[in-house]
Each structure stands twice: as structure tokens, then as C-alpha cells.
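To keep things clear, I will list the structure first and then write my remarks on it.
The values are calculated or read from the model by the stated rules, or taken from the named source; none is laboratory data. Since we're looking at a predicted model, the values are computed, not measured. Cβ placement follows ideal geometry from the backbone for every residue including glycine, while neighbour counts extend to all protein chains displayed. To get the accessible areas, we keep the full protein, side chains included, count just its heavy atoms, and leave off ligands, DNA and RNA. Shrake-Rupley method; radii C 1.70, N 1.55, O 1.52, S 1.80 Å.
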Amino acid sequence: MHQDSGRATVLVWDLPLRVFHWLLAGSFVGAFLTAESERWRDVHAVLGYTALAMVAFRVLWGVFGTRYARFGALPLSPQRALVYLRSLASARPEHHLGHNPAGSLAIYALLVLAAATALTGLAAFADGGGRWLGELHEGVANAMLAVVIVPIAGVVLGSLAHRENLAAGMLTGRKRGAPGAGIGQPRRFVAAALVVVVLGLWTG
């Protein structure tokens, strides 16, 4: 949906979604950095559990979450994604208050790859480091790293095209939009519960 691109900002990304975003990103970075260290093997595994828990939460939040977090707001359309990307080079790029079509495709890809990375890693961990499982896990993790670059580049290009700091939106939850187009509540209780679950994984 095209939205007004005025200077006013509205709440778009609820707090649970933002917590999910940063916990998944942190888990992936931490797991990537500890992947080759036998000393940090247990930490690596815990980060894998955390990433899997984040994917499970995101699937649930895609059904029960706020307006722009739901899967209904994430178009699964390569054609629309191409139209959006072409518009970035025009004088009037498409403006989406929620995720744009290209970003939506990246989210689906990241969720699938994050789940696959975590599951293959945990299987390799349980198998005692079976070689083929380890190689599969490493390959999927590298694929996820490659896909991660896509939304990062998208944020940079989108920020330049729209003259808006899109990265800041995932910190504040706010973007430029028409009054009344945002969500009503940040859902702090759900975010707190998510943090408690993650802390339980880390200290259990």
C-alpha cells in the first residue's frame, strides 16, 4: 500500500518486532563469530537455540502481531518487488509505510534460512560433529550471510531514495506516514516476555 510521505511520523514497528529483529541479528553475528571455536561451542549452540526461538516467535507474530508485522502485510510477489526496485531509480519512488515488496521477500528468505541454519547446526551438535551435517550447516549459514546483505543494501538505497533514515525506524519504531496510519500500541508486555524467554535460554 502506498502511503503518504509527509514529515509526520507514526508508530509502525511494535516493540516485540524490534526486539526480535535485534535478537536475531545479534544471535546470527555471535554464532558466526564463534563457529570455528571449540572453546565457544556451547555458546554457539545456545545462540542457535535463540535464533530458532526467534524464528518461531516471528511466525506466531506474523499471524497474531500488529498490522505491519503480519504476513498479510508482507507481499510474496517477485513481480511487485521488481517494480519497487525499479521505482527507486525514478523521481517518485514507491513509498510503503510497512515493509516494501523487496524487503518482504528478504524477510521470508531470512526466516527460512535462519531456521535451516539453526536446525542443521543443532543436528550437527547432537550428532557430535558429523562431517556432512557440519558442511551443510556451514553452507546454509553462508547463504544466510549472503542474503543478509540484501536488506542492508535495501535500507541504504531506500533511505537515499526516500530521504528518510529507515534504519532508525527499527530502533524507534517510527516512520513518516499519514496520521492514523500507524499502530496503536507498542505491545511492551509481549516484548518483555520475549526477553524473559531468551534470558531463560541463556541462563538455563
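Of the solvent-accessible surface of the chain, computed with a 1.4 Å probe over protein heavy atoms with every protein chain present, carbon and sulfur atoms account for 67 percent.
Summarising the label geometry, the points placed 7 Å from Cα in the beta-carbon direction at residue 123 and residue 86 lie 4.0 nm from one another.
The equivalent ellipsoid of the chain has semi-axes of 33, 20, 13 Å, largest first, where each one is the square root of 5 times an eigenvalue of the Cα gyration tensor.
Amide hydrogen proximity for residue 9: with H placed 1.01 Å from N in the peptide plane, the residues at 5 or more positions away or on another chain lying under 5 Å are 177.
If only the Cβ of Lys and Arg carry +1 and only the Cβ of Asp and Glu carry -1, the dipole of the chain around its Cα centre is close to 880 debye. GNM remark for the chain: springs join alpha carbons under 10 Å apart, and the peak mean-square fluctuation among 91, 106, 123 falls on 91.
Across the range 106-202 the C-alpha pair distances fall into 5 Å bins from zero in the proportions 2, 11, 12, 13, 17, 18, 12, 8, 5, 2, 1, 0 percent. Rounded to the nearest whole Hz, the Karplus-based 3J(HN,Hα) values (6.51 cos²θ - 1.76 cosθ + 1.60, θ = phi - 60°) of the range 87-98 follow the sequence 5, 5, 8, 9, 6, 10, x, 4, 10, 10, 5, x, with x at glycine and proline. For the range 21-125, what class follows from the C-alpha gyration tensor (a ≥ b ≥ c being the square roots of its eigenvalues): rounded when a/c is under 1.5, otherwise prolate if a/b is larger than b/c, else oblate? It comes out prolate by the Cα gyration axes. Each Cα pair under 8 Å and six or more residues apart adds its separation to the average, and for the range 59-105 the resulting relative contact order is 40 percent. Since only 45, 98, 17 are under comparison, the one whose Cα sits farthest along the positive direction of the charge dipole of the range 1-113, derived from C-beta charges on Lys, Arg, Asp and Glu, is 98.
Under 5 Å from the amide H of residue 95 lie the amide H atoms of 3, each residue being 5 or more positions distant or on a separate chain, with H modelled from the backbone and absent for Pro and chain starts. For the chain, the solvent-accessible area with a 1.4 angstrom probe is 56 square angstrom per residue. Phi-derived couplings, Karplus 6.51 cos²θ - 1.76 cosθ + 1.60 at θ = phi - 60°, listed residue by residue for the range 52-62: 5, 5, 5, 5, 4, 4, 5, 5, 5, 6, x Hz, with x used for Gly and Pro.
Apply the a/c threshold of 1.5 to the C-alpha gyration tensor of the range 33-86 and tell me whether it is rounded, prolate or oblate. Since a/c reaches 1.5 but b/c is at least a/b, the shape of the range 33-86 is classed as oblate.
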